[in-house]
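One structure below.
The values are calculated or read from the model by the stated rules, or taken from the named source; none is laboratory data. No experiment lies behind these values; they were computed from the predicted model shown. Counting neighbours? That spans all protein chains shown, and the Cβs are built from the backbone with ideal geometry, glycine included. Areas reflect the complete protein model, heavy atoms only, side chains present, ligands, DNA and RNA absent. Shrake-Rupley method; radii C 1.70, N 1.55, O 1.52, S 1.80 Å.
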Amino acid sequence: MMNETAKQRRAVSLRHRLLAAMMGPLVIPALALGLIGWVLIADVVRRTSDRVLGGALGAIAETVQVENGEVTLDLPPAAFGMLENSERDNVYYRIAVGGRVVTGYADLPAPTIRGLPSDQPRFRFAEYRGQPIRIAEIRRDLPRIAGPVVVQVAETLENRRALERGLMTALLIGEFVLMGIVLLLIRPALQWSLRPLAELRTVIEARDTRAAPDLSPLQTGPLPAELQPLSRSFDRLLARLDYATTGMRRFTADASHQMRTPLSVLKVQVALARRGSHEALREIEEATDRLERLLTQLLALARADEAGKQPPFERIDLREVSQAVISRRIRQAIDADVELRLDCEGDGPFCIDGHRTLVFEMLSNLVDNAIRYNRRGGEATIGLEMREDHAWLSVSDTGPGIPAASRDHALDRFARLQGEQGPAGSGLGLAIVKAVVERLGARLELHDAAPGLRVTVTFIASQG
């Protein structure tokens, strides 16, 4: 009990499971969006800043001219004004002809001239005076100048980083706001979506308030497609429970009704035996036999009627079962002066798939009826026949038989067509046969045997 309680405490509620299942797929795209946003923001900031840096480089490079064989330039203030920002980034420049620095910061990292294309700006990251910088550089080949002219403009990266941080912060704030809105909206959405489940629980719990157990199908109205299999399974469980409960009540009622008469006879005969009646001892023995037979048949009927999961079928040889039944009933046949025999075609096995105990009880009751309702000197025959994929088991007698109009009624419980004038019995033999046949998926037929009655059971032959 404590283990069950502990398991229930550890179990996560369905609402929390759904919330986690829905939020999980949202968090993963949010992380992916943040990563993609970070990459895009870095690319946009780099492109935008490089465009400004390239504009300043172009403005300076255009002022580079040749006068009297010398390189001259006029640094425009507007070029450096483009690079001004709130972060106060440091700006550096360098103009060199060949390996000679004309002006600017001589220690600014110089490019490899061979790899620098002519009149096309190039951008690269470098480190200068302990700080990361972005360098824009261009090569110009001027007439009457021996070496190429290299113009470089560089700036530190504080402004770029501040812009990236601002945009990324705005993106993250937007994602968190959206996630918060989703959380606020998802809880009522979950409550609304789980309402049919709560209604189904209410319908089930309402059964506990009734005095008598209600095992009828649930009246839930329209259900979502996901809950319909659960409702159908629960209805099937209720139907099986109702069948089992009905069978138990019926068995109890049958037993109490049928045992009342032999018990009353026993009580009377015991009283007579105490007074010294020897005839009473014989009556007690007969009443005990009837009571034993009744209990045996009631138990066989309950076993044939029991609901629930079918045990696995086994391969059964009808010839072997028939011989076992004859061994049990041979003494009864001798006492009734009835010839009991087995008639089967061929020497091979007559195999079916079923439950041996049930087949044995069914055949035993058929043979018991064939002996009990036969005439003295008559015959009771068990017939076996196998053709293609079917096996036939028949029991015939030479008694009075059963009229065609009464055969359906003869299969009912406690049906005694000859009343109290007929042989002693409980009227359960054919009811047991009918219940076993239904459980084994066979077919039961009653025919005239001219004279007598022939009961035929058709099975599907075993394929093993």
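Take the conditions (1) modelled with pLDDT of 85 or more; (2) surrounded by fewer than 18 Cβ atoms within 10 Å (Cβ to Cβ); (3) outside any loop (DSSP other than H, G, I, E, B); GLU420 misses just one of them, which is (1). Of the residues that make up the stretch 327-334, is at least one modelled with pLDDT of 90 or more and in contact with a helix residue (DSSP H, G or I) (Cβ under 8 Å, 6 or more places away or on another chain)? Yes, there is a match, as at least one residue in the stretch 327-334 is modelled with pLDDT of 90 or more and in contact with a helix residue (DSSP H, G or I) (Cβ under 8 Å, 6 or more places away or on another chain).
When the stretch 117-142 is filtered for residues that are buried (at least 16 other Cβ atoms within 10 Å of the Cβ) and either of a type in the set (S, T, N, Q) or not in a strand (DSSP E or B) (or both), only PRO121 remains.
Is it fair to say THR112 is among the hydroxyl-bearing types (Ser, Thr, Tyr), surrounded by fewer than 16 Cβ atoms within 10 Å (Cβ to Cβ) and within 60 Å of the chain's Cα centre (by Cα)?
Values: among the hydroxyl-bearing types (Ser, Thr, Tyr): yes; surrounded by fewer than 16 Cβ atoms within 10 Å (Cβ to Cβ): yes; within 60 Å of the chain's Cα centre (by Cα): no.
The answer is no for THR112.
Is it the case, given these coordinates, that ILE181 is at pLDDT 90 or above, open to solvent by 50 Å² or more (accessible area, probe 1.4 Å) and hydrophobic (A, V, I, L, M, F, W, C)? Walk me through it before giving the result.
On the way: at pLDDT 90 or above: no; open to solvent by 50 Å² or more (accessible area, probe 1.4 Å): yes; hydrophobic (A, V, I, L, M, F, W, C): yes.
Answer is no for this residue.
Contact map, the stretch 37-48: first residue within 16 Å of GLU158 (Cβ to Cβ), second residue among the small types (Gly, Ala, Ser) and at pLDDT below 90, Cβ cut-off under 6 Å, separation 6 or more or different chains; the map is empty. The sole residue among GLU314, GLU345 that is of a type in the set (D, E, K, R) and within 24 Å of ARG439 (Cα to Cα) is GLU314. Here the condition is being open to solvent by less than 80 Å² (accessible area, probe 1.4 Å) and touching an Asp or Glu at 6+ places or on another chain (Cβ under 6 Å); of THR72, THR48, THR63, it holds for THR63 alone. The numbered conditions (1) modelled with pLDDT of 85 or more; (2) on the phi < 0 side of the Ramachandran plot; (3) not hydrophobic (A, V, I, L, M, F, W, C) are all true for GLY377 except (2). With respect to (1) at pLDDT 75 or above; (2) open to solvent by less than 100 Å² (accessible area, probe 1.4 Å); (3) of a type in the set (Val, Ile, Thr), the lone exception for ILE28 is condition (2).
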